[in-house]
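This report refers to the structure that appears directly beneath it.
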Amino acid sequence: MFVGFIENGSGQYNPDNQILVQPFIKDVAMSGVAFTKHLENGTPYFLINYDDVSKRTDTVTSGSSADSKSITVYKKAANRLKDFRFIKIIEALEELEIITGYSSLDVEFVLTEDQYLYIVQVRPITTHALLSQTVDFHRIIDEAKLKITSRLKNFPHIFGDTSVLADMPDWNPAEMIGVRPKPLAVSLYQYLITDSAWRIARGKIGYHNPIHEKLLFCIGGHPYIDVRNSFNNLIPARISEDLSNKLVNHYIDRLKSNPHFHDKVEFDIAITCFTPDIDDHTKRLIDAGFKNDEIEELKVALKKLTETAIIGESNSVKNLIKQTESLNPRREKLLAQNYVNDDVPNLVHFLLDDCIEFGTIPFSI
């Protein structure tokens, strides 16, 4: 590196002005840009955009490469990285944060074939200066980890050894209320549907009802379906506990192996009704090691459940629609009363409970 002095414009040399000449970097293995915080919201993540294919140093910064990749690493989990390249980059980022005394940095880097790391440029992410630091993000993450760990445990009253959390199976909260819903939207959705109506409705037509279990859990502001609970509610109530447990475990394993089925678990993962092509669906159970008598037990239960649903003796479509039609007159009669302000909370609860009993449950059936 060469350090020289240049004129300050007055014909005199100023020692505060410097020229930095950097050696030409050869044998490039990886180059890119790293940020020491999330660009949009300033949350504590390392974001590394890199190119480890072209052997050039300008592809990421210019946006000219189709080989650009990215990795996002939660700062408190950086020590779990296995790739030496990223370990080296993050160690440099942490050192730069200490040197500069600033935690929102935009850093250009080059890594050579012999694993020598060059820091080409460091500058602040200026937009982060105005971000509020009042949110304890690490506490939110720790709470989310505890919630997830809890939901994945084995519970004696639920079939299945573990679970999967996803935002599109079953009642599909990602589509219904969005992935970042407002608290009111979440609480209404839970109260009206996913706290109990979801399982009560299916229980009325012959599916297993995992009593007291909820379907949706909000973690870090994001709504997730507990898919194990969903699968518990998608198996016939008539089958044995051993077969029920085996089926739920199989469904969970199949979803883990085929995560692209997360929005169609009722069709491509679970076998939920008796159809003319039932043997095509049960073939995957044979491939998974289910015995013939277990498959036959499931088919008999599904056939009975499907026949009952189609015949609709107690839950006919006509009767269900009639139930929903009672909602409006009940509401009008209720609202015709004279109320004071203190009555409003009870009134709201009454209307919501009416909506569950005469709305979401018959609709779900």
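Across every direction, the projection of the convex hull enclosing the Cα atoms of the range 274-313 has a mean area of 2.7 nm². Spin-label model, Gln22 to Thr127: label points 7 Å out along the Cα-to-beta-carbon direction sit 2.4 nm apart.
Could you work out [θ]222 nm for the chain from helices alone, using -39500 (n - 2.57) per DSSP H run of at least four and dividing by all its residues? Round to the nearest 500 deg cm²/dmol. Using -39500 (n - 2.57) per qualifying helix, the result is -11500 deg cm²/dmol. Per residue, the convex hull spanned by the Cα atoms of the chain measures out at 234 cubic angstrom.
Of the residues Asn79, Phe109, Ile89, the one whose Cα sits farthest toward the positive end of the charge dipole of the range 56-112, with +1 on the Cβ of Lys and Arg and -1 on the Cβ of Asp and Glu, is Asn79. No solvent, one uniform scatterer per C-alpha: report log10 I(q)/I(0) for the range 12-150 via the Debye equation at q = 0.13, 0.17 1/Å, two decimals. Here the Debye-derived log intensity ratios amount to -0.65, -1.00. Look at the dipole of the range 188-347 built from charges on Cβ: of Asn319, Leu347, Phe231, the Cα furthest out on the positive end belongs to Leu347.
Roughly how big is the range 235-365's charge dipole about its Cα centre, with Cβ charges of +1 (Lys, Arg) and -1 (Asp, Glu), in debye to the nearest 20? Write down the numbers at each step before the final one.
Values: 16 positive and 23 negative charges, 36 e Å.
Result for the range 235-365 is approximately 180 debye, rounded to the nearest 20.
Axis of helix 137-151 versus longest Cα principal axis of the chain: the two differ by about 40°, to the nearest ten degrees.
Out of Ser68, Ser104, Ser230, any idea which swings most in a Gaussian network model of the chain, alpha carbons joined below 10 Å? Between Ser68, Ser104, Ser230, it is Ser68 that shows the largest mean-square fluctuation.
Each residue of the range 50-60 was assigned a 3J(HN,Hα) from its phi angle through the Karplus expression (A = 6.51, B = -1.76, C = 1.60, θ = phi - 60°), giving 8, 10, 10, 10, 6, 6, 10, 10, 10, 6, 6 Hz with x at Gly and Pro.
State the percentage of accessible surface on the chain attributable to carbon and sulfur atoms; use a 1.4 Å probe and exclude ligands, DNA and RNA. Intermediate results must be reported in sequence, preceding the final value.
On the way: 11670 of 21420 Å².
It is 54 percent, rounded to a whole number.
The residue list Ile125, Pro169, Pro181 was ranked by how far each Cα lies along the charge dipole of the range 122-256 toward its positive end, using unit charges on Cβ atoms, and Ile125 comes out on top.
Take the Cβ atoms of Ala309 and Ala185, set R0 to 25 Å, and the FRET efficiency comes out at 0.20.
Please report the orientation-averaged projected area of the range 129-225, defined via the convex hull of its C-alpha atoms, in nm².
Details: hull surface 30.7 nm².
Over every viewing direction, the Cα hull of the range 129-225 projects on average to 7.7 nm².
Under the convention that each Lys and Arg Cβ holds +1 and each Asp and Glu Cβ holds -1, the size of the dipole of the range 73-211 around its Cα centre is about 780 debye. Per-residue extension of 0.36 nm, minus the Cα-Cα distance of Ile99 and Leu39, leaves a gain of 19.5 nm for this segment. Checked against a 18 Å cut-off, the cross-linked pairs Lys256/Lys304; Lys214/Lys322; Lys37/Lys76; Lys256/Lys303; Lys256/Lys291; Lys256/Lys299 give Cα-Cα distances beyond that limit for Lys256/Lys304; Lys214/Lys322; Lys256/Lys303; Lys256/Lys291; Lys256/Lys299. Hey, how much of the P(r) for the range 78-202 falls beyond 18 Å, as a percent of Cα pairs? It works out to 74 percent of all Cα pairs. Round to the nearest 10 and give me the degree value, 0 to 90, for the angle of helix 344-355's Cα axis relative to the longest principal axis of the chain. Compared with the principal axis, the helix lies near 70 degrees.
Roughly how many Å² is the accessible area per residue of the range 131-231, as a whole number, for a 1.4 Å probe? It would help to have the intermediate numbers written out before the result.
Working: 5040 Å² over 101 residues.
Roughly 50 Å² per residue, with all protein chains present.
Would you kindly give the portion of the calculated P(r) for the range 227-274 that falls above 12 Å, as a percent of all Cα pairs? Walk me through the intermediate numbers first.
Numbers: 662 of 1128 pairs.
Result: 59 percent of Cα pairs exceed 12 Å.
For the chain, the dipole from Cβ point charges (+1 on Lys and Arg, -1 on Asp and Glu) about the Cα centre works out to 640 debye, to the nearest 20. Here the Gaussian network model covers the chain, with springs between Cα atoms less than 10 Å apart; of Gln18, Gln121, Gln323, Gln18 fluctuates the most.
The values are calculated or read from the model by the stated rules, or taken from the named source; none is laboratory data. Every value quoted in this text rests on a predicted model; they were computed, and no experiment measured them. Please note: Cβ atoms are built from the backbone with ideal geometry, for glycine as well, and neighbour counts cover all protein chains shown. Side chains included, ligands, DNA and RNA excluded: accessible areas come from the protein's heavy atoms. Shrake-Rupley method; radii C 1.70, N 1.55, O 1.52, S 1.80 Å.
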